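Here's the structure we're looking at; comments come further down.
The values are calculated or read from the model by the stated rules, or taken from the named source; none is laboratory data. These numbers were taken from a predicted model, which means no experiment stands behind them. Here Cβ is always computed from backbone atoms with ideal geometry, including for glycine, and neighbour counts include all displayed protein chains. These accessible areas exclude ligands, DNA and RNA; they are computed on the full protein's heavy atoms, side chains included. Shrake-Rupley method; radii C 1.70, N 1.55, O 1.52, S 1.80 Å.
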Amino acid sequence: MSANTLTGLIPTIQVVADRVLREQVGFIPAVHLNPSAEQAAKDQSITYPIVPTMSAADITPAAVPTEPTGQSFTYGTMTISKSRKVQFHWSGEEEASVAGQHENIKMSQMAQAFRTLVNEIESDLFTAAKQGASRAYGTAGTTPFSTAADLSDLAQTRKILVDNGAWVDGEMSIVLNSSSGANLRGKQSSLFKVNEAGDDAVLRDARLTRLEGFNIQESGQISAHTIGTGSGYLINLTAGYAAGSTSFVLDTGSGTILAGDILTNTKTSRDTNKYVVGSALAANAVGLNKPGNKIAWVNNDPVAVGASYTGNFAFERNAIHLLTRTPKLPKEGSLGEHTVITDAFSGISFLVSMYPAYHEIIFEVAVCWGVKAVKSEAIVTLLG
């Protein structure tokens with residue numbers, strides 16, 4: 001079985017990995033990859049500082065500067081929450097039965113293993129973005145970019161990020177579902193006629209690159225969000241809720257309000273913003289993501305859950321963190337052979353292992369990861 005050692009398989013794995021069908025990966029290259037994961041065990045908290053807001057004061061000339069006011073930092077946490085593997089095995093009899101094709105089949109199995117795990121990571125990032133966004137723009141059930149030469153959907157999404165104070169530089173991305181991507185290519189086809197370098201590859205290949213300050217990505221893991229059943233709820237606080245509130249007590253209504261639902265205050269002329277629910281309704285309280293409501297809400301204001309939607313997600317890179325590393329092996333050694341392979345399609349590194357067993361070989365592709373939306377103010381949902 002010496003021909004099956006990992007050293008001999010590495011070049012073939014790297015070549016074949018891109019030839020198996022692969023769904024689009026848009027979140028993984030757009031989020032912040034946190035290197036702290038390498039030192040963390042599974043389920044061990046990794047902390048990151050949250051800098052508090054600061055206030056200004058008048059300058060008063062004096063012999064010495066005044067003593068600054070002390071600051072109290074808070075901290076967020078995230079974890080490596082998943083340690084996942086994909087395995088397959090071959091016996092000697094099975095190898096003999098496929099007339100010398102087993103090496104090619106093994107390599108395709110490896111590529112499928114990469115595909116499976118990458119899709120799981122991408123799906124977790126999608127969920128983090130959906131449940132961690134600050135506000136939403138657009139109409140649920142209506143795919144964006146449907147009007148030719150009209151990029152209002154993108155402009156208004158960007159406006160929410162700007163109003164929230166997000167960094168609107170080269171680190172902004174918008175990850176589209178395939179329907180929105182198709183509209184951008186089809187309805188906004190004038191965008192693809194010329195790029196700034198005078199190269200017509202964008203027109204020929206319909207590659208989505210940058211637009212209005214966004215890196216344009218697509219993801220095959222964006223799925224429809226089915227809303228909760230909540231209806232008839234009213235704000236339940238005599239004093240009402242000031243702008244910037246994130247937790248609201250409700251009464252009167254019935255049914256569920258889920259994380260990722262879009263909540264609006266439907267009192268006439270009160271507030272036209274669409275807010276993303278970060279914490280599902282529990283014990284009559286529901287949570288909105290930061291920065292909270294933009295306009296004060298009054299006691300007995302009616303609130304409503306928007307329709308189901310398929311989202312697109314605009315965010316600044318540091319708003320969503322991805323921790324990823326290969327599984328830890330004991331320092332004393334481990335059964336089998338092991339190597340690290342980086343999937344060229346996603347950029348994620350995996351531990352690839354081969355374990356000798358009784359009359360068979362077991363192959364395994366494995367990776368550990370965790371995700372978190374750490375800055376909701378810098379994430380916006382574009383409804384579709």
- Is it the case that SER353 is farther than 27 Å from ILE216 by Cβ, among the hydroxyl-bearing types (Ser, Thr, Tyr) and open to solvent by less than 10 Å² (accessible area, probe 1.4 Å)? yes
- Filter pass, LYS294 being surrounded by fewer than 23 Cβ atoms within 10 Å (Cβ to Cβ), touching a Pro at 6+ places or on another chain (Cβ under 7 Å) and in a loop (DSSP other than H, G, I, E, B): no
- Query: Out of region 331-347, which residues are open to solvent by less than 60 Å² (accessible area, probe 1.4 Å), touching a Phe, Trp or Tyr at 6+ places or on another chain (Cβ under 8 Å) and outside any strand (DSSP E or B)?
  - Reply: GLY336, ASP343, SER346
- Output yes when any residue across region 11-23 is under 30 Å from LYS106 (Cβ atoms), modelled with pLDDT of 70 or more and surrounded by 14 or more Cβ atoms within 10 Å (Cβ to Cβ), and no when none is. yes
- Over region 297-330, the set of residues within 23 Å of the chain's Cα centre (by Cα), open to solvent by 50 Å² or more (accessible area, probe 1.4 Å) and either free of Cβ contacts under 8 Å to residues at least 12 places away in the same chain or closer than 24 Å to GLY370 by Cβ (or both) is ARG317, ASN318
- Segments classed as strands (runs of 3 or more DSSP E), wholly inside region 59-146, with at least 1 members that are in contact (Cβ under 8 Å) with a residue 60 or more places away in the chain, open to solvent by less than 70 Å² (accessible area, probe 1.4 Å) and closer than 25 Å to ILE160 by Cα: 74-79, 135-137
- Note on the structure: LEU117 fails exactly one of (1) under 30 Å from ILE46 (Cα atoms); (2) touching a Leu at 6+ places or on another chain (Cβ under 7 Å), namely (2)
- Message: Go through region 211-242 and report how many residues are in contact with a strand residue (DSSP E or B) (Cβ under 9 Å, 6 or more places away or on another chain) and of a type in the set (S, T, N, Q).
- Response: 6
- Pull up region 147-183, narrow it to residues that are under 19 Å from ASN273 (Cα atoms) and charged (D, E, K, R), then point me to the one that is surrounded by the most Cβ atoms within 10 Å (Cβ to Cβ). ASP153
- Message: Taking the condition of being within 19 Å of PHE315 (Cβ to Cβ) and not aromatic (Phe, Trp, Tyr), how many residues in region 266-286 meet it?
- Response: 5
- Out of region 217-269, which residues are without any contact (Cβ under 8 Å) to a residue 60 or more places away in the chain and assigned to a strand (DSSP E or B)? TYR241, SER247, PHE248, VAL249, LEU250, ASP251, SER254, LEU263, THR264, ASN265
